[in-house]
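The values are calculated or read from the model by the stated rules, or taken from the named source; none is laboratory data. Keep in mind that this is a model prediction, so the values were computed, not measured. Note that we place each Cβ from the backbone using ideal geometry, even for glycine, and neighbour counts take in every protein chain shown. Just the protein is used for accessible areas: all its heavy atoms, side chains included, with ligands, DNA and RNA removed. Shrake-Rupley method; radii C 1.70, N 1.55, O 1.52, S 1.80 Å.
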Amino acid sequence: MEWYENRILSAKNGTNPMLIKELKGGYAVFGDVQFLPGYCVLLPKREVNSLNDLPLEEREQFLSDMSILGDAIIHSCNPIRVNYDILGNTDNYLHAHVFPRFKWEKEERRRMPVWLYDSSNWQKKETAYNPKQHDEIRNSILDYLNKHYS
C-alpha cells in the first residue's frame with residue numbers, strides 16, 4: 001500500500017512523508033499542493049467518518065489542534081486570515097484543511113472558498129509540494145509547534 005492510500009495509517013506508522021508533527025488530537029501534515037503556501041491538513045488519530053463520530057473529549061482536542069495548526073501557519077506565512085474546512089465529501093474520513101489566505105490573491109478569489117480555484121491547482125506540477133520551495137515554511141510550522149505546543 002502507498003502512503004497516500006491511507007494517510008492516517010501512514011502518519012501513525014511514520015511512512016507519510018508529509019507528516020509535520022504528531023499532536024494530541026491528530027497529525028499535522030503539509031499539503032500535497034501549495035498553491036496557497038503553508039496549506040496543511042490535520043488528520044485524526046483514528047479513522048472516523050466525521051467529527052461527530054469522535055467522543056466529545058477527542059473532538060475538542062482535534063478542534064483545538066486545528067486552531068493551533070492555524071496559529072503556526074499565521075506565524076510562518078503571515079496571511080491575512082486562515083480558512084478552516086472540514087468537508088469529507090470526496091475523501092470520506094475526518095480531516096481538516098487549514099488554508100492560509102493572502103493579500104496577493106485576486107480579490108474575487110480571496111472572497112470565495114478555496115475550492116472555487118481552478119481544479120488544476122490540485123494536480124499541476126507547478127503547485128505540487130516541492131521541498132526546495134516549501135520546506136522553509138514547513139520547517140517554520142514545525143518549529144512553532146515544537147515551541148508552543150506541549
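So is A128 under 19 Å from L19 (Cβ atoms), more than 13 Å from the chain's Cα centre (by Cα) and open to solvent by less than 40 Å² (accessible area, probe 1.4 Å) or not? Don't jump to the end; show me each part of the working.
Numbers: under 19 Å from L19 (Cβ atoms): yes; more than 13 Å from the chain's Cα centre (by Cα): yes; open to solvent by less than 40 Å² (accessible area, probe 1.4 Å): yes.
In short, yes.
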In segment 115-150, how many are in a helix (DSSP H, G or I) and in contact with a helix residue (DSSP H, G or I) (Cβ under 9 Å, 6 or more places away or on another chain)?
-> 16
Would you point out which residue out of E58, E22 is in contact (Cβ under 8 Å) with a residue 24 or more places away in the chain and open to solvent by 70 Å² or more (accessible area, probe 1.4 Å)?
-> E58
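Provide a single number: the residues in segment 86-113 that are in a loop (DSSP other than H, G, I, E, B), under 19 Å from E47 (Cα atoms) and of a type outside the set (V, I, T). Write out each step before concluding.
So in segment 86-113, the residues in a loop (DSSP other than H, G, I, E, B) come out as 86-95, 102-106, 111-113.
Now drop any that are not under 19 Å from E47 (Cα atoms), which leaves 86-95.
So of that shortlist, the ones also of a type outside the set (V, I, T) come out as 87-89, 91-95.
Total satisfying the criteria: 8.
Within segment 61-96, take every residue that is of a type in the set (V, I, T) and open to solvent by 70 Å² or more (accessible area, probe 1.4 Å) and give me the one that is modelled with the lowest pLDDT. I'd like the intermediate steps shown before the answer.
Just the residues of segment 61-96 that are of a type in the set (V, I, T), to begin with: 68, 73-74, 80, 82, 86, 90.
Then keep just the ones that are open to solvent by 70 Å² or more (accessible area, probe 1.4 Å); that gives 74, 80, 90.
Values: I74: 98, I80: 97, T90: 83.
Out of the qualifying residues, it is T90.
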Among (1) within 23 Å of S67 (Cβ to Cβ); (2) surrounded by 15 or more Cβ atoms within 10 Å (Cβ to Cβ), the one test that M112 misses = (2)
